[in-house]
Amino acid sequence: MTDQIRPQPGILDIALYEGGKSHVAGVANAVKLSSNENPFGASDRAKEVFQRSVHSLHRYPSTDHANLRAAIAEVHGLDAGRVICGAGSDEVINFLCQAYAGPKDEVVYTEHGFLMYRIYALAAGATPVEVPERERTADVDAILAACNRRTKLVFLANPNNPTGTMVSAAEVARLAAGLPAQAILVLDGAYAEYVEGYDGGAALVDARDNVVMTRTFSKVYGLGGLRIGWGYGPKHIIDVLNRVRGPFNLSTAQLDVAEAAVRDQDFVAKCRNENARLRSWLAVALAELGVPSDTSMANFVLARFASQDEAEACDAFLQEQGLIVRRVAGYKLPHCLRITIGDEASCRRVAHAVAQFKGVR
């Protein structure tokens, strides 16, 4: 009988997502630089609120997320009625695929884009369409050429993970204007806070009816362990997403901690400034060792090696030194290692270890 019990088409085509490694066998106190986490953790305000949350564990959370949406809207100058919250921005991306893509529909994304775009498209029964990038940067003309009457969603991470590259506001606007009438452009802004003065696409969302942006508390806010994200879009799209969102998809602790975090913009600015300083230092240090990287606008650098063998050998050497970075062969970048920007000591350890690997004294 079990051969008659089958999942929906597309499900078995999904390769399980693998997060960054956290441990190295035989190595104590390894430094994890594989998941783009904030080395400074969460803000003190957020930690204090989390500690107080133990007193309300028996209460159901808010179903409308009103306080968190209001805080997000206040800080970013948005319409709270068009903000939706989820368990990480991943869940908002899933809502979009669930609500707008299905059998015979297509979901477009770039070749080095976030792996979950393909996974959620397949889970919805849609066909994922991968578009080539140009020098590890999204190519708007190639994206537009891939779109047709079956295209329902176009995902663009800006800045992108794992490349760190970014497309200009003018190019993003050109992409939005050139899409087929039935398609939605989704701007994934997981790393938006690391770009000084960048709104993540909010102005474009307000100017059009076919653009949605997603954001997360997992990166600069240091709340990856709590899984909180949000999206902002036209009212007609957000209303649809709320119909598929579970009423209790976020806990009281998640909601309250995220509200405290988003109101602590001094902490965000401090983290952004330190990240920019150390990112620049590490990129230069690696380049001087013959390991180049594109200009990153996020909290990592994508270190490029001469070959896959060299990248893997360097990764193995780093692990021996207690440094965990991320291989990105799954993103079609087998000759690269993605290195999260840690604190100053971690960045210096990485540069020193790569120098040792390269035989530089």
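Looking only at the range 322-350, count every residue that is surrounded by 19 or more Cβ atoms within 10 Å (Cβ to Cβ) and farther than 21 Å from Arg272 by Cα and tell me the total.
9
Could you check the range 201-245 and list, in sequence order, the residues that are at positive phi and in contact with a helix residue (DSSP H, G or I) (Cβ under 6 Å, 6 or more places away or on another chain)? Break it down into steps so the answer makes sense when it comes.
The initial filter retains those residues of the range 201-245 that are at positive phi, namely 201, 222, 227.
Within the range 201-245, just Arg227 meets the criteria.
Being within 14 Å of Ile84 (Cβ to Cβ), of a type in the set (Val, Ile, Thr) and not in a helix (DSSP H, G or I) is the filter here, so list the residues in the range 189-215 that pass it.
Val212, Thr214
To keep it simple, each residue is scored yes or no on (1) in contact with a helix residue (DSSP H, G or I) (Cβ under 8 Å, 6 or more places away or on another chain); (2) modelled with pLDDT of 95 or more; (3) not in a helix (DSSP H, G or I).
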{"residue": "Leu282", "(1), (2), (3)": "yes, yes, no"}
{"residue": "Ala287", "(1), (2), (3)": "no, yes, no"}
{"residue": "Ser293", "(1), (2), (3)": "yes, yes, yes"}
{"residue": "Asp309", "(1), (2), (3)": "no, yes, no"}
{"residue": "Phe317", "(1), (2), (3)": "yes, yes, no"}
{"residue": "Ala345", "(1), (2), (3)": "no, yes, no"}
{"residue": "Arg349", "(1), (2), (3)": "no, yes, no"}
{"residue": "Ala353", "(1), (2), (3)": "yes, yes, no"}
{"residue": "Phe357", "(1), (2), (3)": "yes, yes, no"}
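So which of Leu323, Leu289 is hydrophobic (A, V, I, L, M, F, W, C), touching a Ser or Thr at 6+ places or on another chain (Cβ under 9 Å) and either free of Cβ contacts under 8 Å to residues at least 24 places away in the same chain or not assigned by TED's automatic domain parsing to the domain that holds Asp188 (or both)? Quick ask: steps written out before the conclusion?
Values: Leu289 fails: touching a Ser or Thr at 6+ places or on another chain (Cβ under 9 Å).
That would be Leu323, the only listed residue that is hydrophobic (A, V, I, L, M, F, W, C), touching a Ser or Thr at 6+ places or on another chain (Cβ under 9 Å) and either free of Cβ contacts under 8 Å to residues at least 24 places away in the same chain or not assigned by TED's automatic domain parsing to the domain that holds Asp188 (or both).
Considering each of Ala99, Ala126 in turn, give the residue that is within 19 Å of Arg243 (Cα to Cα) and over 19 Å from the mean Cα position of the chain (by Cα).
Numbers: Ala126 fails: within 19 Å of Arg243 (Cα to Cα).
It is Ala99.
Check Ser56, Ser34 and return the single one that is over 26 Å from the mean Cα position of the chain (by Cα) and of a type outside the set (Asp, Glu). Walk me through it before giving the result.
Details: Ser34 fails: over 26 Å from the mean Cα position of the chain (by Cα).
Testing whether each residue is over 26 Å from the mean Cα position of the chain (by Cα) and of a type outside the set (Asp, Glu) leaves just Ser56.
Can you find, within the range 240-280, the residue that is nearest to Ala355 (Cα to Cα) among those that are touching a strand residue (DSSP E or B) at 6+ places or on another chain (Cβ under 7 Å) and in a helix (DSSP H, G or I)?
Out of the qualifying residues, it is Arg279.
Pick out the one residue from Glu171, Glu130 that is over 23 Å from Asp13 (Cβ atoms) and not in a loop (DSSP other than H, G, I, E, B).
On the way: Glu130 fails: over 23 Å from Asp13 (Cβ atoms).
That would be Glu171, the only listed residue that is over 23 Å from Asp13 (Cβ atoms) and not in a loop (DSSP other than H, G, I, E, B).
Which residue is farthest from the chain's Cα centre (by Cα), if the candidates are limited to the range 253-292 and must be surrounded by fewer than 16 Cβ atoms within 10 Å (Cβ to Cβ) and over 30 Å from Glu310 (Cα atoms)?
Asp266
From the list Ile143, Ile93, pick out the single residue that is more than 19 Å from Ser218 (Cβ to Cβ) and of a type in the set (A, V, I, L, M, F, W, C).
Working: Ile93 fails: more than 19 Å from Ser218 (Cβ to Cβ).
The match here is Ile143.
Is there any pair with a first residue in the range 180-195 that is assigned by TED's automatic domain parsing to the domain that holds Tyr117 and crowded, with 24+ Cβ neighbours inside 10 Å and a second that is acidic (Asp, Glu) and assigned to a loop (DSSP other than H, G, I, E, B) whose Cβ atoms are under 9 Å apart and which are 6 or more apart or on different chains, and what are they?
Gly189/Asp199; Ala192/Asp199
Looking for something within 23 Å of Tyr331 (Cα to Cα) and buried (at least 17 other Cβ atoms within 10 Å of the Cβ) - is there at least one such residue anywhere in the range 201-214? Reasoning before the result, please.
Restricting attention to the range 201-214, the residues satisfying the condition of being within 23 Å of Tyr331 (Cα to Cα) are 213-214.
Within this subset, residues satisfying the condition of being buried (at least 17 other Cβ atoms within 10 Å of the Cβ) are 213-214.
Looking for residues that are within 23 Å of Tyr331 (Cα to Cα) and buried (at least 17 other Cβ atoms within 10 Å of the Cβ), one finds at least one in the range 201-214, hence yes.
The values are calculated or read from the model by the stated rules, or taken from the named source; none is laboratory data. These numbers were taken from a predicted model, which means no experiment stands behind them. Note that each Cβ is placed from the backbone with ideal geometry, even for glycine, and that neighbours are counted across all protein chains shown.
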